[in-house]
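The block underneath contains the structure these notes are about, expressed in structure tokens.
Throughout, read-outs are computed from the coordinates displayed, never taken from laboratory work. What you see is a predicted model, and the numbers here were worked out from it, not measured in a lab. Ideal geometry is used to build each Cβ from the backbone, glycine not excepted, and the neighbour counts take in all protein chains shown.
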Amino acid sequence: MSRVGKMPVTVPAGVEVTIGADKIAVKGSGGTLSVAAHALVAIKNEAGKLSFSPVDESREANAMSGTLRQLVNNMVVGVTKGFEKKLNLVGVGYKATASGAKLNLAVGYSHPVNFEMPAGITVATPAPTEIIIKGADRQRVGQIAAEIRAVRPPEPYKGKGIRYSDEKITIKETKKK
């Protein structure tokens, strides 16, 4: 059985988990999230602990038990604490401004780049060269961060561009004659 799938998910106080035939919904202070249930995984709720077990001994059922367990765990953490990604802008004149659900980037193009944040995702710019994306859904927060980074990915010679705060850029040496 999957090592991840063996661990139970503890449901903290204030979080409500609804297990249906076709989906699992998690409701908390951070919002409501749901994921489609899989037929190869049996889910049990015992005194605030969710346990996931494969229905049969197949390799796919084993893999899906760990996958579904982690998806539900991410939803529980998302509605209680939430997830955040930090991006840094490196480059002369690069800046970001957030106003409401909009993000405006000035990253060396002849025009500003505007991003409209979807519902459930908030963006903040504590400094002109720092972007913080927050939300309850881990996948959506990561996807939005990746889309913003794709506007101007870090280049390998000077390191200019939009990068994750924990990303390390290996600078290449320039061509010598």
Percentage of interatomic Cα-Cα distances in the range 78-141 larger than 16 Å: 46 percent
Computed P(r) (all Cα pairs; the range 3-80; 10 Å bins; percent): 21, 56, 21, 2
FRET efficiency for Ile171 and Thr122, using Cβ-Cβ distance with R0 set to 22 Å, rounded to 0.05: 0.10
Intensity falloff of the chain expressed as log10 I(q)/I(0), Debye formula with alpha-carbon point scatterers, at q = 0.11, 0.12 Å⁻¹: -0.62, -0.70
Positive-end residue, the chain charge dipole about Cα centroid, Cβ charges, pick of Phe115, Val26, Val77: Phe115
Estimated inter-spin distance, Thr18 and Glu46, nm [label 7 Å along Cα→Cβ]: 2.6 nm
Acute angle (nearest 10 degrees) that the helix 59-80 long axis makes with the longest principal axis of the chain, alpha-carbon atoms: 70 degrees
Acute angle (nearest 10 degrees) that the helix 138-149 long axis makes with the longest principal axis of the chain, alpha-carbon atoms: 10 degrees
Which listed pairs, of Lys6/Lys44; Lys95/Lys134; Lys95/Lys172; Lys85/Lys175; Lys86/Lys168; Lys23/Lys86, have C-alpha distances above 23 Å, in listed order: Lys95/Lys172; Lys85/Lys175; Lys23/Lys86
Charge dipole magnitude, Cβ of K and R +1, D and E -1 - the chain, Cα centre, debye nearest 20: 900 debye
Residue-averaged [θ]222 nm for the chain, counting only DSSP H segments that reach four residues, each worth -39500 (n - 2.57): -7000 deg cm²/dmol
Listed residues Leu68, Val141, Val17: farthest to the positive end of the dipole of the chain (Cβ charges): Val141
Sites Ala39 and Lys86, calculated FRET efficiency, Cβ-Cβ separation with R0 41 Å, nearest 0.05: 0.60
Cβ charges +1 (Lys, Arg) and -1 (Asp, Glu), total dipole of the range 78-159, debye: 140 debye
